[in-house]
Amino acid sequence: MCGIVGAVSERDVQGILLEGLRRLEYRGYDSAGMAVINGKPEVQRAREVGKVAALADAISANPLAGHLGIAHTRWATHGEPSQVNAHPHMSGDRLAIVHNGIIENYQELREELKAEGFEFTSQTDTEVVAHLIGKNYKAGGNLYNAVKTAIGRLRGAFALAVVHANEPDHLVVCREGSPLVVGVGIGENFIASDQLALLPVTDRFMFLEEGDIADIRKDKIEIHDREGQAVERSISRFEHGADSADKGEYRHYMLKEIYEQPKVIKATMEGRITATRVLEQALGTDAENLLENVRHVQIIACGTSYHAGMVARYWIEDLAGVPCSVEVASEFRYRKHVIQPDTLFLCISQSGETADTLAALRQAKKAGFRAALAICNVPGSSLVRESDLVIMTQAGPEIGVASTKAFTTQLTALLIFTLALARHNGLNAEREADIVKAIHLLPGQVNDVLALDGEIEEMSKAFMDKNHSLFLGRGSQYPVAMEGALKLKEISYIHAEAYPAGELKHGPLALVDSEMPVVTVAPNNDLVEKLKSNLEEVRARGGELFVFADKAADVKPEEGLHVMQIPSVHEITAPIVYTVPLQLLSYHVAVLKGTDVDQPRNLAKSVTVE
Ligand code: G6P
């Protein structure tokens, strides 16, 4: 969702805040703003509609130099993207605030504050918080107490950073349901929604806990927990090189991230498998004990991570013989569920901050699942901190809003997990060795698919002027088709729907004509013959087919049937390999259409609000 960044330093913070915003832009990019305190009696503020670049232009024309400041990049929730709705919001001309999250009771507070004479200039929930803090401040408090009292009245999820021109040496921040990290410097300190924002200035971070409120000065950080107790939060170092947040030679982050997959899949398997076995201990010291007693797996996730869960279900039931359910978090959290005894609750999330996934986890804990396992890419994220067992994917920072390397590393981690679980459920050493060997081949096989990039780019031209498309797969390739369709719609804005190929004749066949390209993934498994019949059904209706097929599957190119041969891969690891050509296809269609590939319209990378 929105991104916030703040700094207090001996040097001018304007450049630090702008760079932080650029790095947070993946979280929201409909407007951006900055507020700085620089010795004048009032806060200096700039806000612009559009991307951070628009704010940078405004600031270069009218600099906001100062030693204390906060900044924000927005993904609108309350009120349209506009200058008046852009953050920072103010109460009077001395107090400024940036906010990420949603205040659920803002209407009621707004009415109350209006009745007391406060005037509102925006439609946002954030301005309510600004006035609430402003009111407390006027009542004789200092900024810290004013914030503390105000948050006692707020319902919802939020991370806030607040400054006041009367107190030019610190900012007050708090976290309740939305991410916030403190960047620790020397003679300067920072805050942000994500560590990435601060990598140019520090690699040392403190993760605030839910309910924490912190007073950040250039040489001191004081944190109090929800109960008002002074607390220490440990400092950890950022694990990936600072360069990983740069685009390098690539035209887009998405392309860079697609090409990083051989490396990050390898990093995700490293230390977790030998040549022939999964090292269960590497999944956590308690993994063996925990997995021994699992009788059911409940997977929860959103978006691309949900598709990873869908693939994992095939693996878990096939290899471990353990029943597995998969559900999107926003559905799961709002319905009654029947909990099977000894259920492992498995959350998959790139960011570890997706509001619906976290809410589902918290509910599950109360409902009494056996244990919670997280597959996650961001160390120190809420999901990681709140789960019993964690398998970190090693994708490194993923900036492109459309997820690519996070997905294939999630699948790699999920397959390793499945093998560990399967070992407790009768998987023999020979079969385990067969699959582990196939996992070792993945980086090379993904590289082979990347070598097809030029041909896929050529193929993408056929999609440019189309408005609809269909993606087909069978078995564990059905979720791969879903992921392929999601990629295409996210970044090229072409309507794309995925169907299990066997369902074609139950409805979607009616849509097939020459204007509806049909993409199919066809590895060589025991469903391939059935899949070929499905392809014939499409061809007979004049549909144009684009098939990614194993050589051995023997799908021959013909009029209206374009075949791209994918190197032969193991049936179990095939979903990982077959995802990659679909990523490249979407990427090239989007580039041809000229869309904003890394920051597609209306979407955000990390959805920390409901
Ligand atoms: C957003 C992103 C998707 C992502 C989903 C779940 O919608 O745009 O790429 O798959 O959130 O995010 P998570 O961080 O929980 O995997």
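The values are calculated or read from the model by the stated rules, or taken from the named source; none is laboratory data. The structure presented is a predicted model; accordingly, all values stated were derived computationally and were not measured. Heads up, the Cβs are rebuilt from the backbone with ideal geometry, glycines too, and the neighbour counts pull from every protein chain shown. Just so you know, the surface numbers come from the protein's heavy atoms only, side chains and all, with ligands and any DNA or RNA stripped out. Shrake-Rupley method; radii C 1.70, N 1.55, O 1.52, S 1.80 Å.
Were the residues from LYS366 through GLU610 laid out at 0.36 nm apart, the gain over their Cα-Cα distance would be 85.9 nm.
Centre-to-centre, using Cα atoms only, the range 282-336 and the range 64-121 are separated by 40 Å. Distances between placed amide hydrogens fall under 5 Å for VAL563 paired with VAL547, all partners being 5 or more residues away or on another chain. 3J(HN,Hα) along the range 2-13: 6, x, 10, 8, x, 8, 9, 7, 7, 9, 5, 9 Hz, from the Karplus curve 6.51 cos²θ - 1.76 cosθ + 1.60 with θ = phi - 60°, whole Hz, x for Gly and Pro. Quick one: helix 574-593 against the long Cα principal axis of the chain, what's the angle to the nearest 10°, folded into 0 to 90? The helix 574-593 is inclined about 60 degrees to the chain. Here are some pairs, LYS489/LYS556; LYS505/LYS532; LYS461/LYS532; which of them have Cα atoms lying more than 19 Å apart in this structure? Pairs exceeding 19 Å: LYS489/LYS556; LYS461/LYS532. The candidates SER568, SER492, arranged from most to least accessible area with a 1.4 Å probe in the full protein assembly, appear as SER568, SER492.
Charging the Cβ of each Asp and Glu at -1 and of each Lys and Arg at +1, and nothing else, the dipole of the chain about its Cα centre rounds to 580 debye.
Expressed as an acute angle from 0 to 90° and rounded to the nearest 10, what is the orientation of the C-alpha long axis of helix 52-61 relative to the principal long axis of the chain? Approximately 30 degrees, to the nearest 10. I'd like the FRET efficiency for ASP342 and LYS437, computed as 1/(1 + (r/R0)^6) with the beta carbon distance as r and R0 of 35 Å, rounded to 0.05. About 0.65, to the nearest 0.05. Could you state the angle between the C-alpha long axis of helix 405-423 and the longest principal axis of the C-alpha atoms of the chain, as a value from 0 to 90 degrees rounded to the nearest 10? Once rounded, the angle reads 60 degrees. To put it simply, the accessible area of the range 337-442 at a 1.4 Å probe is 51 percent carbon and sulfur. When nucleic acids and ligands are ignored and a 1.4 Å probe is applied, CYS2 ends up with an accessible area of around 10 Å². With a simple spin-label model that places each label point 7 Å from the Cα along the Cα-to-Cβ direction, the separation between ARG204 and GLU529 comes to 6.6 nm.
Hull surface divided by four, with the convex hull built on the Cα atoms of the chain: how many nm²?
Mean projected area for the chain: 27.4 nm², to one decimal.
Taking R0 as 41 Å, what FRET efficiency do you get between HIS468 and GLU317 from their Cβ-Cβ distance, rounded to the nearest 0.05?
On the way: r = 33 Å, r/R0 = 0.79.
That pair, HIS468 with GLU317, gives E of 0.80.
A probe of 1.4 angstrom, applied to the heavy atoms of all protein chains, finds MET482 with accessible area near 40 square angstrom. Spin-label model, ASN105/ASP448: points 7 Å from Cα along the beta carbon direction are separated by 6.1 nm. Estimated at the nearest 10 Å², the accessible area of ILE151 is 40 Å² with a 1.4 Å probe. What a 1.4 Å probe finds exposed on the range 500-610 is 48% carbon and sulfur by accessible area, rounded to a whole percent. Accessible surface computed residue by residue for the chain, with neighbouring protein chains in place and a 1.4 Å probe, gives 37 Å² per residue.
How much length is gained if the chain between LYS114 and VAL84 is pulled fully straight, taking 0.36 nm per residue apart and subtracting their Cα-Cα distance, in nm to one decimal? Numbers along the way, then the final one.
Working: separation 30, 0.36 × 30 = 10.80 nm, distance 1.78 nm.
This chain segment gains 9.0 nm when fully extended.
Between the range 517-575 and the range 143-159, the alpha-carbon centres lie 57 Å apart.
Just in the range 539-600: which GluC sites (Glu not before Pro) are loop by DSSP and have at most 13 other Cβ atoms within 10 Å?
Values: sites: GLU544, GLU558, GLU559, GLU571; in loops: GLU544, GLU559, GLU571.
Within the range 539-600, the qualifying GluC sites (Glu not before Pro) (loop, at most 13 other Cβ atoms within 10 Å) are GLU559.
Longer than 25 Å from Cα to Cα, which of LYS256/LYS487; LYS148/LYS366; LYS263/LYS593 are they? Say none if no pair is. Violating the 25 Å Cα-Cα cut-off are LYS148/LYS366; LYS263/LYS593.
Rounded to the nearest 500, the 222 nm mean residue ellipticity of the chain from helices alone is -10500 deg cm²/dmol, with -39,500 (n - 2.57) taken per DSSP H run of at least 4 residues. Please find the FRET efficiency linking GLU10 to ALA282, where r is the Cβ-Cβ separation and R0 is fixed at 51 Å, and quote it to the nearest 0.05. After rounding, the FRET efficiency stands at 0.70.
Taking only protein heavy atoms and a 1.4 Å probe, the accessible area of the range 170-214 is 50% carbon and sulfur.
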